[in-house]
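Following: one structure in C-alpha cells, then a few remarks.
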Amino acid sequence: MIHAGDFRIPEENIQPASLDLRLGEVAYRIRCSFLPGAQSVERKLKDYVIDELDLHREGVVLETNRPYLIPLKERLALPAEMRAKANPKSSTGRLDVFTRVITDESDRFDEVASGYEGGLYLEVVPLSFAIRVREDLTLNQLRLSLGRSQLTDDEVRDSHGEEPLIFRRGMPIPADELALSDGLFLTLDLRGRSGHVGYRARDNAPLLDLTTARAVAPDPYWDAVSNEDGDRVVLSAHQFYLLMSEEAVSIPPTLASEMTAYDPTSGELRTHYAGFFDPGFGFDPEGSFTGSRAALEVRAHDVPFMIEHGQRVCKLTFERMLEPPETLYGQGIGSSYQQQEETLSKFFTRQPGPAPEPNQQASGPEPLPFPPEPS
C-alpha cells in the first residue's frame, strides 16, 4: 500500500499512527501553487516550473514566500476502501513552513482519495525563515483511514469519561465543561509559566539549516512575547506567533487525534498549521504525568487582533485506532514534544522548563543533537 520504489522506508519513520514522508531527489521552484484537476501532477507541473534544484549532498536553500514542489519518495497503492490524509509535522509547523500534499487528478490538498495509486508531491512555502533542505528530510506525515473513524461529540464525551482526554492544572476537566462542536476546543494560555507566553518570528532572520543535527540558539529567529494587563496579547498583522494551550492533552492508545484550524467569523485570526497527535501523546499508563500541552501556531490576517487568556483558538478531532499500536508516542522512540512546556521547534535549543504541576514531571532541556521526531 505504501512503497518507495528502489528506496527502503526507514523503520524510524513509522510512527504509532502515521508515516513520515521523505523529500525526493529534486525540488521545483514554481511560479504559483496549483491543483492538477483532471490531469497528473507531472503534466500540470510543466506549465509552472521556473527552476529545478538538486536536493543531493548539501541540499538547497528554499526562499521565503516562494512555492516549491518536491516529489516525495513514498508512493501509494491504496485498496479501494482505504483513504489517506497528510499533515505537516509539528516541527515543520512551528517553523512557519507551509506544506501540503497534492496527488494526481485531485482537486483537494492533503486528502488522498480511496483507492489512489500514484505518486505524492509536497508543496513547500517557507513563510518566516529561509530554510536549507535536502533529500530524505521529512517535513510532513501521512495517516491511513478506513470506514467511519471519527468520533462524534457524544463519543468524545464518553471516551473522556473512560480515559480523560484533556486536563487543567493536573486534573481532568469535568465532562459537562467540555467545549464540543464537531471536535473538542482548546484555549489559550496567556498567563505564562516562565516569564513570557510565547514567541513571535523575527523579520530578516538568518538562514535556518534543517539538514544539520544540531539545534541553534533561538534569539536570531524569535522574539519573546509577554502579556499585557488582563492576560491578553495584541497580535501584529501578518506576524507568526507560537503560543501554548491552557489544557494538557492525553491521547490514549485506542485513539489518534488531529488538531484543526479555527477561524473566528470575523476572519481576522488563523490558528494551527500542523496537526497529527499520535496515540500516547501526553499519555502515561503509570500515571506519573497527566497530559502534554499543545503548541499553537497563530497568525492575524489584515489588522492587529487582540487575544485573551482562555480564548478558544483550535479544536481536536479524534479517530478510533483499529487496534492499539505496539509502541506509543514518547516510549523511547525519540518523541520531541512529550510533556512540553516550551513552544519552540526541536531545531532550537530550549531552556529547562518551569517546575511541573502536581502529578507531572519536568521534561528538562532538549538534548543535543536532537533525535528523529515523530508527530
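Of all lysines in the structure, the ones whose alpha carbon falls short of 16 Å from that of residue 89, not counting any fewer than 8 places away in one chain, are 346. About its Cα centre, the chain has a charge dipole of approximately 780 debye under the convention of +1 per Lys or Arg Cβ and -1 per Asp or Glu Cβ, with nothing else charged. Under a straight-distance cross-link criterion of Cα-Cα below 19 Å, which aspartates and glutamates are reachable from residue 46, leaving out those fewer than 8 residues away in the same chain? Cα-Cα hits under 19 Å: 25, 54, 104, 105, 107, 123.
Projecting the Cα atoms of 137, 99, 9 onto the dipole axis of the range 2-146, where Lys and Arg carry +1 and Asp and Glu carry -1 at the beta carbon, places 99 farthest toward the positive end. Length, then width, then depth: along the principal axes, the Cα atoms of the range 153-320 run 48, 41, 27 Å.
In plain terms, the residue of 28, 329, 48 with the fewest other Cβ atoms within 10 Å comes first and the most crowded comes last, giving 48, 28, 329. When 60, 303, 216 are sorted by how many other C-beta atoms sit within 10 angstrom of their C-beta, beginning with the fewest, the order is 303, 216, 60. Within the range 2-146, all pairs of alpha-carbon atoms sorted by distance into 5 Å bins from zero give the percentages 2, 10, 20, 24, 22, 14, 6, 1, 0. Each of 163, 11 was scored by other Cβ atoms within 10 Å of its Cβ. Arranged with the fewest first, they read 11, 163.
Given R₀ = 25 Å, FRET efficiency for residue 216-residue 65 by Cβ-Cβ distance, to 0.05?
Approximately 0.70, to the nearest 0.05.
Separation of the range 280-306 from the range 29-55 is 35 Å, based on Cα centroids. Placing unit charges on each Cβ (+1 for Lys and Arg, -1 for Asp and Glu) gives the chain a dipole about its Cα centre, and among 126, 147, 225 the Cα reaching farthest toward its positive end belongs to 126.
Within the same chain, lysines fewer than 8 places from residue 44 are excluded, and of the rest, those with a Cα less than 26 Å from its Cα are 73, 85. For the range 76-140, trypsin sites (Lys or Arg not before Pro) are listed when DSSP marks them as loop and at most 16 other Cβ atoms sit within 10 Å of their Cβ; the list is 108. Pairs of alpha carbons in the chain separated by more than 37 Å make up 17% of all such pairs.
Read-outs throughout are calculated quantities, based only on the coordinates presented, and are distinct from any laboratory measurement. In this text, all values refer to a predicted model and were calculated from it rather than measured experimentally. Note that we place each Cβ from the backbone using ideal geometry, even for glycine, and neighbour counts take in every protein chain shown.
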